[in-house]
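Novice: Dropping the structure in here first, questions after.
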Amino acid sequence: MKNQFQALQNWTQDILNTVKKDLKSDHLHTDPVFYRAHFGNRPQNRLSAEEILAAYEKELLAGNEDLESFVINRWVFKHGDLYDHFADRLSQIHPDFDQITSLTEEQSKTILEGAADAFGAVETFLFSMLNRVAFPQKVLDTLQKEALEAKRANARAAEQAAEQQTLEKILASHQREVSRLNDKIAGVQKKYTIDTEALKKQIRALQQKLAK
């Protein structure tokens, strides 16, 4: 049987990004065998986030069960409300829901009702897969499809937000430049006014001398 991460190869980075702080602070420096295998003697502060996550992904896909348990536990811990939702619905079907080996489509519908709206389609799908919730394959396929659609929508929203932020920075820079030019123009106008008044005084003084 594939481990959860072999079945979630396209989602591993999404999962790891959620627990990356736990990996760096609670795992990376406490597992010297893992560290040396992937990074040798390089100091941790010289490692990029991308290569750290790539190393963890490689290890998970290779079937490191201890690491798999660590990542799943930390991911679930960060989604406590989602866990409570599933635990409540599953316990209504069987008090010891760990003993459930299969669920009908109708039971699945009851368990999943409101989950995607409350917690997100991506999170609901990942929780179901990481915890091996005994949904029929048809239900899991539907969850994956909805998660992919949500992931694409989130990516588009993030891209639009980044574009908006870039436009706002450009606009702010433009406004600062306009303000700087206006200040410069105001300074020039002030100097022109002062110089003009001084010139008028000189002309009047000269006229007075000529009139004598």
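Novice: For Leu181 and Asn10, FRET efficiency with R0 = 41 Å and r from the beta-carbon atoms, rounded to 0.05?
Specialist: 0.20
Novice: If you take the beta carbon distance between Lys138 and Lys58 as r and set R0 to 30 Å, what does 1/(1 + (r/R0)^6) give as a FRET efficiency, to the nearest 0.05?
Specialist: 0.40
Novice: Right, another one. Give or take rounding to whole Å, what are the principal axis extents of the alpha carbon atoms in the chain, in descending order?
Specialist: 119, 50, 24
Novice: With viscosity set to 1.306 mPa s and temperature to 10 °C, compute the Stokes-Einstein D of region 47-146, Rh being the Kirkwood radius across alpha carbon pairs; µm²/s, no decimals.
Specialist: Rounded to a whole number, D works out at 108 µm²/s.
Novice: Counting only protein heavy atoms and using a 1.4 Å probe, what share of the accessible area of the chain belongs to carbon plus sulfur, as a whole percent?
Specialist: 51 percent
Novice: Tell me, what does the Kirkwood hydrodynamic radius of region 33-77 come to in angstroms if you use every pair of distinct C-alpha atoms?
Specialist: Computed over Cα pairs of region 33-77, the Kirkwood hydrodynamic radius comes out at 11.4 Å.
Novice: Here's another thing I want to ask about it. Once you have the Cα-Cα distance between Ala158 and Thr101, take 0.36 nm times their residue separation minus that, and quote the gain in nm to one decimal.
Specialist: Contour length minus the Cα-Cα distance gives 16.7 nm.
Novice: What does the charge count around Leu60 come to, taking other residues whose C-beta lies under 11 Å from its C-beta (Lys +1, Arg +1, Asp -1, Glu -1)?
Specialist: -4
Novice: I need the P(r) histogram for region 101-207: all alpha carbon pairs, bin width 5 Å from 0 out to the longest distance, whole percents.
Specialist: Per 5 Å bin, starting at zero, the Cα-Cα P(r) for region 101-207 comes out as 2, 10, 11, 11, 7, 6, 5, 5, 5, 4, 5, 4, 4, 4, 3, 3, 3, 3, 2, 1, 1, 0, 0 percent.
Novice: Using only DSSP helix segments of four residues or longer, with each worth -39500 (n - 2.57), what per-residue ellipticity at 222 nm results for the chain after dividing by its residue count and rounding to 500?
Specialist: Theoretical 222 nm ellipticity from helices: -24000 deg cm²/dmol.
Novice: For region 96-113, what does the Karplus curve 6.51 cos²θ - 1.76 cosθ + 1.60, with θ = phi - 60°, yield as ³J(HN,Hα) per residue in whole Hz, taken in order and with x for Gly and Pro?
Specialist: Calculated HN-Hα couplings, in order: 9, 5, 5, 8, 6, 9, 7, 10, 7, 5, 5, 5, 4, 4, 5, 5, 8, 4 Hz.
The values are calculated or read from the model by the stated rules, or taken from the named source; none is laboratory data. Given the structure is predicted, the values throughout are model-derived calculations rather than measurements. Here Cβ is always computed from backbone atoms with ideal geometry, including for glycine, and neighbour counts include all displayed protein chains. Heads up: the accessible areas ignore ligands, DNA and RNA and are worked out on the full protein's heavy atoms, side chains in. Shrake-Rupley method; radii C 1.70, N 1.55, O 1.52, S 1.80 Å.
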